[in-house]
Amino acid sequence: MKKQFIAVEGPIGVGKSTLANLLADAGSAYHLQDTENTNPYLSAFYTQGKSMAFHTQMHFLMSRLQVLENPAVVKPVQPIVADFMLEKDRLFAELTLDEQEWWMYAGLYERMTANCPKPDFVIYLQAPLSRLIQRIEKRGIPDEQRIDSHYLQQVIDQYEQFFHNYTSTPLLIVNAADINLVDNSSDINALLSQISSIEGGRHFYNPSVVKA
């Protein structure tokens, strides 16, 4: 694998972890996983909303920083594929925290993330709200079934705005609405080929156009 640190990003249900795992297997890379499965406040956030937002966000920030302090990241001996970017933490914080909470969070974020390892290539997966809801329902994770569709659309909008202005690394924007990364080998191989061919710049991959 030419790329040493790939990050896969996108809204809930778009396929980040699935693609990251495939890339890690294909490139004999270390799969760096996000921390949503270990956040004790996330379930309450999905049911109680903003009253639990600060606790949820602070736990995510601290746990993601801890993951990035892993020796496999700080002194890597193999490529890394992560299913998150640390910058996503700010996206969700902007969306969920009130003004006072944001002031406290933003100050801590700036001080604590300045020297964190950063990806050298980013893949942004996109899909419309209706498709994300279908996938969330299909995989049947109880906490995710409580996600409000209005909140999910806000998350989509946050990601679109962030990546519209993103220039920090080479970027591949993928229309993932009709990609089956679970059991369609042709979809998987086509996307992996696209990823491996990119050296720099900003790129778009729309498989429906490619197939046509």
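Here are the numbers:
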{"item": "Any chance residue 98 is in contact (Cβ under 8 Å) with a residue 12 or more places away in the chain, acidic (Asp, Glu) and over 13 Å from residue 5 (Cα atoms)", "result": "yes"}
{"item": "Subset tally (residues that are surrounded by 15 or more Cβ atoms within 10 Å (Cβ to Cβ) and of a type in the set (S, T, N, Q)) for region 74-117", "result": "2"}
{"item": "Any hit, region 7-14, residues being under 23 Å from residue 101 (Cβ atoms), surrounded by fewer than 18 Cβ atoms within 10 Å (Cβ to Cβ) and in contact (Cβ under 8 Å) with a residue 60 or more places away in the chain", "result": "yes"}
{"item": "Residues of region 129-144 classified as in contact with a helix residue (DSSP H, G or I) (Cβ under 9 Å, 6 or more places away or on another chain) and exposed (fewer than 12 other Cβ atoms within 10 Å of the Cβ), total", "result": "1"}
{"item": "Selection count, region 176-212, where residues are within 23 Å of residue 120 (Cβ to Cβ), under 18 Å from the mean Cα position of the chain (by Cα) and modelled with pLDDT of 85 or more", "result": "8"}
{"item": "Yes/no for residue 205 being out of contact with any Asp or Glu (no Cβ under 8 Å at 6 or more places or on another chain), surrounded by 17 or more Cβ atoms within 10 Å (Cβ to Cβ) and of a type in the set (Phe, Trp, Tyr)", "result": "yes"}
{"item": "Residue 157 vs. criteria of a type outside the set (A, V, I, L, M, F, W, C), farther than 29 Å from residue 93 by Cα and either under 16 Å from the mean Cα position of the chain (by Cα) or modelled with pLDDT under 85 (or both)", "result": "no"}
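Condition check ((1) crowded, with 17+ Cβ neighbours inside 10 Å; (2) part of a helix (DSSP H, G or I); (3) at pLDDT 95 or above) across all residues:
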residue	(1), (2), (3)
37	no, yes, no
43	no, yes, no
46	yes, yes, no
50	no, yes, no
61	yes, yes, yes
72	no, yes, no
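Per-residue answers, yes or no, for (1) of a type in the set (S, T, N, Q); (2) part of a loop (DSSP other than H, G, I, E, B):
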position	(1), (2)
155	no, no
161	yes, no
169	yes, yes
172	no, no
203	no, no
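The values are calculated or read from the model by the stated rules, or taken from the named source; none is laboratory data. Everything numeric here is computed off the predicted structure, so don't read it as measured data. Glycine also receives a Cβ, built like all others from the backbone with ideal geometry; neighbour counts cover every protein chain displayed.
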